[in-house]
Each structure stands twice: as C-alpha cells, then as structure tokens.
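Remarks on the structure that follows.
The values are calculated or read from the model by the stated rules, or taken from the named source; none is laboratory data. Keep in mind it's a predicted model, so treat the numbers as computed, not measured. Methodologically, a virtual Cβ is constructed for each residue, glycine included, from the backbone with ideal geometry; neighbour enumeration extends over all protein chains shown.
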Amino acid sequence: MTQQLNGDRAPAPLNQRPDGVSSHYDVELGTAVFCVLAVTIVLLWRQNTLLLAAALGEAVVALRLWHERYDLIFFLTLATLGTLAEIVFVQAGVWRYTNPTLVGIPIWFPLAFGTAGLACERLVAGLLRRWMQWTTGRGPD
C-alpha cells in the first residue's frame, strides 16, 4: 500500500523532495555552501561591512539554488529565531563577540545563520534520501 503524503499526488521518488525538486546534488551543494560561508566568516570577521556584503551574496546564491516557498520560510524563520536567541544569549552574558555592531552581535549574523541553516537542512535532507535509497535497495527513480 502506498502512503500518500502530498494530497492527491503520489509520493516523490527517493531522489526528489516531496515538492518534486531533484535532490541529486543537495548533499554536495549544501556542504559547499556551508564551507564557503564558514571560510568567508573566518577570513572576514574583523571587517563587518565586507562580511555583510559577502554574507548577503552567499544568501542570494543559496536562495537561488533552493528557492521553493519552504526554503524561503525556512531561511527567514531560522535567521530570525537564531538572531533573537543570539541577542538574548549575548545580553545575558553567556558569551560575547569581539566585533559586534548591533545589540552585541555582528550585523552579518542573521544572513549567515539563515544561510548556514538552509545549507545544513538541504545537506541533511539529501543524506536522508540517500540513506533511504541504500536501506531500501532502491536506486534513484
């Protein structure tokens, strides 16, 4: 018996997300976007304005790669909630940034947090799909 998770549509093949978008490169792209962002932060953390521009560019690239409604909502939610949590932690004295610009956090933080979260979500989703292919013995449909 086939379980239908998408209303009247049949379940997506294992190499696709439920919305029908192919996931073949999600693991590789998610890893690459995350690594580029991490290296950018390490190299530019002392230059907030330059890092803001770079983080904005990387967020735009990530949202061009993954641009379904889910992706945009995921990015915005994670950027907002992550930033609010970070502000609370910094203001409570849990930790501090050496180069803050706004309420104790760097101005580039929301973009970086949203981008990192979206990249990791896609990476994990891709790994899960590959795991399901491997454990069920089914190749890409």
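Annotations for the structure displayed:
- Pairs, first closer than 18 Å to Ala112 by Cβ and surrounded by 12 or more Cβ atoms within 10 Å (Cβ to Cβ) in the stretch 81-96, second at pLDDT 95 or above and basic (Lys, Arg), C-beta under 8 Å, six or more apart: Val90/Arg96
- From Pro13, Pro106, residue being surrounded by 14 or more Cβ atoms within 10 Å (Cβ to Cβ), at pLDDT below 95 and over 13 Å from the mean Cα position of the chain (by Cα): Pro13
- Scanning the stretch 49-106 for residues that are assigned to a loop (DSSP other than H, G, I, E, B) and β-branched (Val, Ile, Thr) yields a count of 4.
- Counting the residues of the stretch 69-80 that are over 12 Å from the mean Cα position of the chain (by Cα) and touching a residue at least 24 places away in the same chain (Cβ under 8 Å) gives 1.
- Subset of the stretch 91-115 [out of contact with any Phe, Trp or Tyr (no Cβ under 6 Å at 6 or more places or on another chain) and under 23 Å from Leu29 (Cβ atoms)]: Trp108, Phe109, Pro110, Leu111, Ala112, Phe113, Thr115
- Enumeration of residues in the stretch 121-139 that are surrounded by 15 or more Cβ atoms within 10 Å (Cβ to Cβ) and modelled with pLDDT under 90: Arg129, Arg130, Gln133
- Residue among Leu43, Leu50, Leu76, Leu72 that alone is under 16 Å from Leu102 (Cα atoms), exposed (fewer than 15 other Cβ atoms within 10 Å of the Cβ) and of a type outside the set (Asp, Glu): Leu50
- The residue pairs whose first member lies in the stretch 21-36 and is under 18 Å from Leu56 (Cα atoms) and surrounded by fewer than 16 Cβ atoms within 10 Å (Cβ to Cβ), whose second member is small (Gly, Ala, Ser) and modelled with pLDDT of 95 or more, and whose beta carbons are closer than 7 Å, counting only pairs six or more residues apart or on different chains, do not exist in this structure.
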